[in-house]
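The values are calculated or read from the model by the stated rules, or taken from the named source; none is laboratory data. As the structure is a computational prediction, the values presented were derived from the model and not from experiment. Reconstructed Cβ throughout: ideal geometry from the backbone, glycine too, with neighbour counts over all protein chains shown.
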Amino acid sequence: MAKIDTPRPIRGTQDMLGETAARFAKVVETFERVRRLYGFQRIEMPVFEATAVFARSLGETTDVVSKEMYTFEDRGGDSLTLRPEFTAGIARAYLTEGWQHYAPLKVATHGPLFRYERPQKGRFRQFHQLDAEVIGAAEPAADVELLAFADQLLNELGIADGVTLQLNTLGDSATRDAWRQALVAHFEGARDALSEESVERLAKNPLRILDSKDPRDRSIADVAPSIDDHMSSEAGAFFEAVTRGLDAAGVAWTRNARLVRGLDYYRHTAFEFVTDRLGAQSTVLGGGRYDGLIETLGGQHTPAVGWAAGIERLGMLIEEPVSMVELIAVVPDKPAYEAEAAEMAMRLRKSGIAVQAAYRGNAKRHVELAKKAGATHLMFIREDGVSLSKAHADFRQKVETAIGRPLIVGMTT
C-alpha cells in the first residue's frame with residue numbers, strides 16, 4: 001500500500017496543547033471576568049463579512065485591504081472576506097441589527113482573525129484577539145473606562161510590569177485637518193530624502209510617516225510639526241479630561257506625541273500598551289476613538305472608542321507557568337471498585353471539583369496516566385474506604401462533603 005503523506009499545517013496557523021493552550025485559556029477567562037466587572041455585554045460576530053465592510057472601514061489603500069485580507073468569491077458570486085479585525089463588523093452590526101437603540105452600547109468579544117502577513121513572534125495568519133468597544137458615547141469618561149478596563153486586565157493577568165500605556169490625542173476634525181496640512185508641507189519639503197514607502201504615504205496617509213521605522217525617515221519625522229501646535233481648545237479640553245480621569249483611576253500613562261492612526265475617522269484619544277519583552281512587535285493592546293467610522297458604512301455620525309489585544313501575545317507575557325486547578329484522579333484499587341469510582345467521580349464533578357479519569361489499565365497505570373495529565377491529587381477506592389493524597393484542610397473537607405463520607409486519614413501512595 002502506497003504511503004500517504006500527511007498534509008502539513010498551513011503556515012501562520014498553530015495547534016495548541018498543554019502550556020500554550022493553558023496560557024490562551026487564562027487570557028480568555030481573565031478577560032471574560034474583567035469585562036463583566038465593567039458591564040460590557042458579550043457579543044458574537046460572523047467570521048466573514050461582505051468585503052465592502054472592511055474595504056470601506058479600513059480604506060482601500062491600507063496594507064490590510066490591499067495586501068493582507070483573505071478575500072474570496074462564494075458560489076453566489078459575492079465577494080466575502082475573513083475578518084481581519086473586529087471593529088468594522090461590530091460597526092456593521094450596530095447599523096443592521098438596530099443596536100442603536102441600546103446606545104451607549106458597551107460590548108466585548110474574542111475570537112480568530114485572519115491576515116496574510118509574515119508570521120513572526122506572537123503574530124500568526126490566523127490569530128486571536130480580545131476586543132472591547134463603547135459605541136454612542138462622545139464623553140471622555142468612555143475613553144477612561146476602556147483604558148481602566150485594559151489596565152485592570154493586564155494587572156490581573158500578572159503582566160503589567162514592564163508594560164507602559166502610551167497616550168496621544170489626534171484632536172477633533174479642525175485640529176486634525178490643520179495638522180495634516182502642516183505635515184504635508186513639511187514632508188513635501190523633504191520629499192527627496194524620504195523612503196519610497198513614505199513618499200507613497202505622503203499622498204495617502206501622511207500621518208503614518210511619523211511612525212516610520214526607516215532610518216531615512218526618522219530625522220525628518222522627528223522634527224515634524226506637533227499636533228499640539230494646531231490643537232483646538234475643545235480638543236485640548238477633551239484630552240485633559242481623559243488624562244485627569246486616568247490619574248483619578250490610578251492608571252499610569254505617558255505621552256507619545258508621535259502615536260498616530262492614519263485613517264481619517266480617528267479622533268481624539270489614541271493609545272497603545274507597549275513592552276520591550278516581545279521583540280520588535282512591542283504593542284500588546286491598542287486602540288482609540290473612531291468617531292467617524294460608522295458614517296463610512298452609511299450610518300449617522302456616531303462617536304465610538306475601542307481597543308483590541310492579541311491573545312497569543314498576552315499569553316506569551318505570562319511569566320509563571322499557568323497553575324492547574326486542583327484536579328483529582330479517582331483510581332479504583334481493583335476492577336471490582338470501578339462502578340464505585342465512577343459514582344465518586346460524578347459526585348465530585350457535580351460539586352465543582354475537577355476529576356481526571358482513565359479508561360483502561362490497572363491501578364498503577366491509572367496513576368501514571370493521572371500524573372501525566374497533571375492531576376494534583378489521587379483518590380483511591382479501596383476495600384477499607386476512600387483515601388486522598390495530601391491536601392489542605394479546606395479542600396479535604398470539600399471532597400468529603402461531595403462524596404458524603406469521611407476520607408481515610410493519611411497519605412495515599
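Tabulated results
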quantity	calculated
Evaluation of Ala370 against (1) crowded, with 21+ Cβ neighbours inside 10 Å; (2) outside the structural domain of Arg261 (by TED's automatic domain parsing); (3) outside any helix (DSSP H, G or I) (one fails), failing number	(3)
Given (1) over 27 Å from the mean Cα position of the chain (by Cα); (2) of a type in the set (S, T, N, Q); (3) under 23 Å from Trp307 (Cα atoms), number of the condition Asn205 does not satisfy	(1)
Flag for His101 being out of contact with any His (no Cβ under 6 Å at 6 or more places or on another chain), assigned to a strand (DSSP E or B) and either at pLDDT below 95 or not polar (S, T, N, Q) (or both)	no
Failed criterion for Asp74 (all others in (1) more than 27 Å from Ile10 (Cβ to Cβ); (2) touching a strand residue (DSSP E or B) at 6+ places or on another chain (Cβ under 9 Å) hold)	(1)
Verdict on Gly122 being closer than 26 Å to Pro84 by Cα, at pLDDT below 95 and surrounded by fewer than 21 Cβ atoms within 10 Å (Cβ to Cβ)	yes
Matching residues, region 174-199, being in a loop (DSSP other than H, G, I, E, B), out of contact with any Phe, Trp or Tyr (no Cβ under 8 Å at 6 or more places or on another chain) and under 16 Å from Asp211 (Cβ atoms)	Ser195
Selection count, region 81-113, where residues are of a type in the set (Asp, Glu) and either buried (at least 21 other Cβ atoms within 10 Å of the Cβ) or in contact (Cβ under 8 Å) with a residue 24 or more places away in the chain (or both)	1
